[in-house]
1. Return the lysines within reach of K100: Cα separation strictly under 28 angstrom, same-chain partners fewer than 8 residues apart disregarded; answer none if there are no such residues.
2. ³J(HN,Hα) across segment 86-95 via Karplus (A = 6.51, B = -1.76, C = 1.60, θ = phi - 60°), whole Hz, x for Gly/Pro?
3. How long is the gain from K157 to C16 if the chain were fully straight, where each residue apart is worth 0.36 nm and the alpha carbon distance is subtracted?
4. Find how much the distance from K164 to T187 grows on full extension, using 0.36 nm per residue of separation minus their present alpha carbon separation; answer in nm with one decimal.
5. Show me, for segment 111-120, the HN-Hα J-couplings you get by feeding each phi into the Karplus relation (A = 6.51, B = -1.76, C = 1.60, θ = phi - 60°), rounded to Hz, glycine and proline as x.
6. Which cross-chain or sequence-distant (5 or more) residues have an amide H under 5 Å from the amide H of N127, H modelled 1.01 Å from N in plane?
7. Straight distance only, please: which lysines reach the Cα of K70 with their own Cα at less than 17 Å, same-chain residues fewer than 8 apart left out?
8. Between T123 and W200, what length in nm is gained on full extension when 0.36 nm per residue of separation is reduced by their alpha carbon distance?
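Read the figures in this text as sums done on the coordinates, not as results from a lab. Being a predicted model, the structure only gives us computed values, none of them experimental.
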Amino acid sequence: MAYIQSGEFVYDCSKCHTRCDGISKGVYIFDNDVSFSEYYEKIIIKHINSYEKYTSSKCTTDGFPDIEIKNKEGEVYRFLEVKVQQRTFMNIEKYLPGSKLAPSETVALNLSDLLRYFTIEETTGVNTVITWVLLNRLCIVPKNSFRLFYQSSSELKRIYEVEKMHRTFRRKSGDGDIVDGVHKGVTVNFHFSLKELIEWKWPVSQ
């Protein structure tokens, strides 16, 4: 269980009374993941637009992050990618022992997406931020709620360059990965620790 001590998380799955299922069912429903992401994108856009400093909207450029944020002058100030994390990689200590990550602290990101965000930030000069919406991890998130954690693309790149040999994992394809004959599910992920991210604190509930 992840205990909070002096404002910091202490991750220890061995003491958890609501331990996540460590068995992969081989079912990864791509369309469900997309629907969840779009739902939380709308929540985040509404939250940003509740302030007068910036305006945000769904980004319409193919391959770019989900949300585009503009300043008062109408200039693109930041790109924001939203990733919903529902599943916990309970076997990370078995399959990626070099990562030194505990399941409770681990979040994942499609490796190809991650590398694309690095390129977008470098070519556009616009700060790109990845936000994880954390669900169904009762040691971290209260039931029927969610928490947001984020980090800049530049900081994630720094971590990736140091840890890429230890935190990259390719899973087997499963049911739901293929949509209309095209493989769309994520099979190669890179992993980060919540300790490396910043919590985006604002009232959140479902």
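1. Within reach: K15, K25, K83, K143, K157, K164, K172, K195, K201.
2. 9, 9, 10, 7, 5, 9, 4, 5, 7, 8
3. Between K157 and C16, full extension yields an extra 47.6 nm.
4. Full extension from K164 to T187 adds 6.7 nm.
5. 4, 5, 5, 4, 5, 5, 5, 4, 5, 4
6. Counting only residues 5 or more places away or on other chains, the set is F79.
7. K42, K46, K53, K58
8. Length gained between T123 and W200: 25.1 nm.
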